[in-house]
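What follows is a short report on a single structure.
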Amino acid sequence: MDKITIIRYALAAVFFLTGVILILCEDNSDFLSSLWGMYFSISFIFIAFLCFIFIRREQLDLVFIIYLVLFGVYLAYLMPIFGYRTSFLIFIIFSAIGLSISFLPRLILKREIFKSSHLYIEVPVCILIIILISFINNISFVSSFPFILPSLIIAVIALVISIVYHVKLKQTNKKNTKKSKIVYAALAGFLIGFSVSYISLCEINVLFDSSSPVILNEKIIKKYIQSRYRGPTVYYFVVEIDEKQYEIGIPSSLYEDYEVGDSVEIAYQEGLLGEPYYLYAGYTFH
């Protein structure tokens, strides 16, 4: 093992341990327990991943390396500059580019241009799911299960594409003969397709909603903190509207200022896709 390889392994280990330590210490810091703090912590683990794959650079395409470097730089340094709407669009664009590079050459041109192309979509999509889930924590939809049907349709389409892709891969790669790989790929395609489509529809419904909010003053019937091992600490007020309880995500700075029985301003909006929702009136996600 040469010195350069040892340095890369050392850098990967340092970045990875730093990210893990920051995640473990989230309860001791207001910044680390925030949404941006979570992004900051994850960015170290992502950079560690980049350092590690550079060790095996001879197995990677240059386009793939550039793609991941740009994604890592954005996640670590540029994302806090942009609002939720812009960040959502950038992640969708990254994932769309990855999807195109991964599957379209094989499906349309019937050949694989990049050996490591499957990672183009897997890396950004997994991080996208984590970040989108963190955003949805602050929203309370009137419907218990919005967008289930369209998400299932998209998931089935993803399942079919995944099966066709891996069948073609099996036909051109004689070593890849196990049917179990196709089953796993189909299952992964379905789960990723459903997760991304469901959360993305929720995001689009809120981020691009131009309806005028209706401000309600509702009494707090309960308040609690939800702390996760991997993710930001989320603060909630529970209010009752039309005999139904809603969990409303709030800023951490607001949590100690209100007690059970106090009134808090809640905004009701119709949603771009017709799914109404409630959120704390002081939040601006656009």
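The values are calculated or read from the model by the stated rules, or taken from the named source; none is laboratory data. Everything numeric in this text was worked out from a predicted model, so none of it was measured. So basically every Cβ, Gly included, is an ideal-geometry build from the backbone, and we count neighbours across all protein chains shown.
Can you pull out every residue in the range 237-262 that is touching a residue at least 24 places away in the same chain (Cβ under 8 Å) and of a type in the set (A, V, I, L, M)?
Passing the criteria: V239, I241, I248, I250, L254, V260.
Would you be able to say whether some residue in the range 91-108 is among the β-branched types (V, I, T), more than 19 Å from F44 (Cα to Cα) and either surrounded by 20 or more Cβ atoms within 10 Å (Cβ to Cβ) or modelled with pLDDT under 75 (or both)? Outline the logic, then answer.
Keep residues of the range 91-108 that are among the β-branched types (V, I, T), which gives 92-93, 97, 101, 108.
Add one more test, that the residue is more than 19 Å from F44 (Cα to Cα), and what stays is 92-93, 97, 101, 108.
Pick out the ones that are also either surrounded by 20 or more Cβ atoms within 10 Å (Cβ to Cβ) or modelled with pLDDT under 75 (or both) and you get 101, 108.
So far as the range 91-108 goes, yes, one or more of its residues are among the β-branched types (V, I, T), more than 19 Å from F44 (Cα to Cα) and either surrounded by 20 or more Cβ atoms within 10 Å (Cβ to Cβ) or modelled with pLDDT under 75 (or both).
Anything in the range 271-286 that is surrounded by fewer than 17 Cβ atoms within 10 Å (Cβ to Cβ) and modelled with pLDDT of 90 or more? List them, or say none. Spell out the reasoning first.
To start, the set of residues in the range 271-286 that are surrounded by fewer than 17 Cβ atoms within 10 Å (Cβ to Cβ) comprises 272-274, 276, 282-286.
Hits for the range 271-286 are L272, L273, G274, P276.
Answer with yes or no whether F64 is buried (at least 19 other Cβ atoms within 10 Å of the Cβ), in a helix (DSSP H, G or I) and modelled with pLDDT of 70 or more.
no
Can you tell me which residue among Y74, Y9 is within 30 Å of L159 (Cβ to Cβ) and at pLDDT 70 or above?
Values: Y9 fails: within 30 Å of L159 (Cβ to Cβ).
Being within 30 Å of L159 (Cβ to Cβ) and at pLDDT 70 or above holds for just one of Y74, Y9, which is Y74.
For the range 110-163, enumerate the residues that are of a type outside the set (K, R), in contact with a Lys or Arg (Cβ under 9 Å, 6 or more places away or on another chain) and at pLDDT below 80. Spell out how you get there, then give the answer.
Initially, the range 110-163 is screened for residues of a type outside the set (K, R), giving 112-114, 116-163.
If we keep only those that are in contact with a Lys or Arg (Cβ under 9 Å, 6 or more places away or on another chain) too, we end up with 112-113, 117, 130, 142.
Answer for the range 110-163, where residues must be of a type outside the set (K, R), in contact with a Lys or Arg (Cβ under 9 Å, 6 or more places away or on another chain) and at pLDDT below 80: E112, I113, S117, I130.
Right, V167: at pLDDT 80 or above and either of a type in the set (A, V, I, L, M, F, W, C) or surrounded by 13 or more Cβ atoms within 10 Å (Cβ to Cβ) (or both) or not? Break it down into steps so the answer makes sense when it comes.
Details: at pLDDT 80 or above: no; either of a type in the set (A, V, I, L, M, F, W, C) or surrounded by 13 or more Cβ atoms within 10 Å (Cβ to Cβ) (or both): yes.
Here the answer is no, as V167 does not meet what is asked.
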